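The values are calculated or read from the model by the stated rules, or taken from the named source; none is laboratory data. These figures come from a predicted structure and were not determined experimentally. For neighbour counting, all protein chains shown are included, and Cβ atoms are generated from backbone atoms with ideal geometry for every residue, glycine included. Side chains included, ligands, DNA and RNA excluded: accessible areas come from the protein's heavy atoms. Shrake-Rupley method; radii C 1.70, N 1.55, O 1.52, S 1.80 Å.
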Amino acid sequence: MAGTGGGGLNYFNTENEQFTQYLYQSNNPTSLSNNNVFRIVEDNQNNIWVGTVGGGLNHFNIKDESFTHYRNQTNNRNSLSQNNVFSIVEDNQSDLWVGIQAGGLDHFDSKNKQFTHYRHQKDDLNSLSSDIVSCVIEDSHGNIWIGTNKGVNHFNTKSKQFTHYRHQSNNLNSLSSDKVMSMIEDTQGNLWFGTTGGINHFNTTNKQFTHYSHQDDNTNSLSNNSVLSMIEDTQGNLWFGTTGGLNHFNTKTEQFTHFRHKANDADSLSNDTVLSITEDSRGNIWVGTYNGLNLFDTRLKKFRTYTKVQGLPDNVIYSTEEDNLGYIWISTNQGLSRMDPKAETFKSYNVSDGLQSNEFNIGASFKSKSGELFFGGTNGFNRFFPENSKDDIKPPKVVISNMLLLNKPVSITSTFPQLTNEQTTKPAIDNQLTEKYTGFSLDKTIHETKSIVLTHKDNILTFEFSALHFRNTKKNKFAYKLIGWDKEWVNTDYKNRRATYTNLPYGDYTFSVKASNSDGYWNEEGTSLQIIILPPPWKTWWAYALYSLILLSVVFVYIRSQRHKLIFERQLNAQLESKVEARTKEKQHLIENISHELKTPLTLIFNALETVSISELSIENNKKINNIKHNGRPVVSPD
């Protein structure tokens, strides 16, 4: 790498001994910010950090250059004429021919690395018929054929002149429709054109077209007249993609077999708008539709569908190509994806990987004889060798970059011992306020800290984290877990590199975070921080000891009081028993005295009654006397 004063950054390839120059481009936000380079540093991940004069710091990684990007440059007439690329083909001279929507036809000279533009000229009948180019091919004779919205153009590379083939209403052998959307040359040297008016087979000898179109009364005709894509497979069969499903054409019987989407059939085509068709090296047919990628089993006549659910970045499939390693490359509305057909896994690329944009165009792809792939979209086109697109297997270093309490950054005491006039910035003030209200500060930066001790008042705890991997940082993934609280890992991305916890119970915790690089390689060990949250004063051991002592004291007092009560009750009972006994004796003595006092006169009375003769009294009186004796005898003689 060499930095210059005004000449930008220069990279020297030691293998081919050539320089690649990187300059500031006003219309390219990912270009060098300034051409005055004064400092270059390479880190341990092969990232190049470029310091410029007036343009700040630039980050560059040579691995990101696996996708070469061609686009229109405002101040460069030899760049691409317009950016909306709909077709790319490489000719037998290794030059490129690029069909551009509203930009005409561009020829890229592989030797001088410059584009030559062919546009429609009103005063030149031999110019391109229209600047709206949808498809381009090279035939087996080295001729270039161009499909536009105003017919087919044949370009003679020697004379640099175009021959036009248009629809003529009075000529049944002319092109069926001027809007041409797809074309191929078959192994027999025949040309096939897909239009909005059906399929056209072109006889290069008599210059006449044979038409194949949809017929309502013929089930073996083309399913729909809008033909967006076509291929010839290795068996010599033709496949046509329309807005009404996929068509297989038997060239011998000249009959079409239709494959359409069926709502209740999971083995049918996922969508009837077929944007692309590709046959891979194993004879499989891949069908890109407006709603998913389809793998067609030609033996079972069944489709297997792949969508975002299986890992695609988007369901709109614009084009597919197989590389020399057997991977399927898929352009979509949200980037480029590489599929491993055996594992059925996907790896996706987007504009941050060097793609022209995330949006590609219908059929805008090509595989060269050397295995190089080309994909066009709304911001130019990319070319790359898939084998050079290697994963970065080195996982990133993970750090906890910041800690916040009560939503304020935690101060570092060694960094902010006092608040001086020079330190009265908002971060410094926030740090001081955090320390004031929480009483907590760090002795060193959080990523160097192994453990922290917090109080119960620190009830809003936040950690921010980063992955020190600077190649396509937007693809870095993260997962964090507070062991002792979270049951599962919490997954997040570069936009949300923060974890917040509120009102955690006191105890011991471990905050762990891990991350992956842009290619999905994880640092499983990650980093961690031990956290101890102290209990509140009323839940400390000495508080519980005090609670126990108080409880024991209450129990002791209670038992003692109950004991005293029992003794008092016993004494009281004894006193009552003594009094009762005394009263009882007094009553007995009184009764005895009364009895004695009564007994003497009663005895005298009874004795007097005994002396009374029975004969002296009447029978009635004798009964009364006998009753008196009977009732009074127990009193007088109780024994």
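At-a-glance table
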read-out	value
Lys/Arg +1, Asp/Glu -1 at C-beta; the chain dipole; positive extreme among GLY292, PRO537, GLN588	GLN588
Net length gained if the chain between LYS111 and LYS444 were fully extended (0.36 nm per residue, minus Cα distance)	114.1 nm
Where Rh is the Kirkwood radius over Cα pairs, Rg/Rh for the stretch 1-145	1.07
Counting DSSP beta bridges with both ends in the chain, the antiparallel % (nearest 5)	95 percent
Signed unit charges on C-beta, dipole axis of the chain, positive-most listed residue SER127, SER87, THR30	THR30
Candidate lysines - alpha carbon under 26 Å from LYS444, same-chain residues fewer than 8 apart omitted	LYS397, LYS408, LYS426, LYS436, LYS457, LYS481, LYS514
About the Cα centre, charge dipole magnitude for the chain (Lys/Arg +1, Asp/Glu -1 at Cβ), debye	2480 debye
Rounded D (µm²/s) - the stretch 169-219, Kirkwood Rh over Cα pairs, Stokes-Einstein at 10 °C, 1.306 mPa s	138 µm²/s
For the stretch 133-205, accessible area per residue (1.4 Å probe, heavy atoms of protein chains only), Å²	43 Å²
Shape of the stretch 95-164, Cα gyration tensor, a/c cut at 1.5	rounded
Cut-off 18 Å, label 7 Å out along Cα→Cβ of GLU525, residues of the stretch 382-415 by amide N	393-400
Distance histogram in 5 Å bins (all Cα pairs of the stretch 150-285, percent per bin)	2, 10, 18, 22, 20, 13, 7, 4, 2, 1, 0, 0
Cross-link table LYS262/LYS308; LYS390/LYS487; LYS207/LYS302, entries beyond 31 Å C-alpha to C-alpha	LYS390/LYS487; LYS207/LYS302
Per residue accessible area of the stretch 461-566, 1.4 Å probe, in Å²	63 Å²
Per-residue ³J(HN,Hα) for the stretch 40-51, Karplus 6.51 cos²θ - 1.76 cosθ + 1.60, θ = phi - 60°, Hz, x for Gly and Pro	9, 9, 10, 9, 6, 10, 6, 7, 9, 9, 10, x
Per residue solvent-accessible surface (Å²) - the stretch 33-119, probe of 1.4 Å	49 Å²
The chain, accessible surface, carbon-and-sulfur percent (1.4 angstrom probe)	50 percent
Electrostatic dipole magnitude of the stretch 153-302 [Cβ: Lys, Arg +1; Asp, Glu -1; Cα centre; debye, to 20]	360 debye
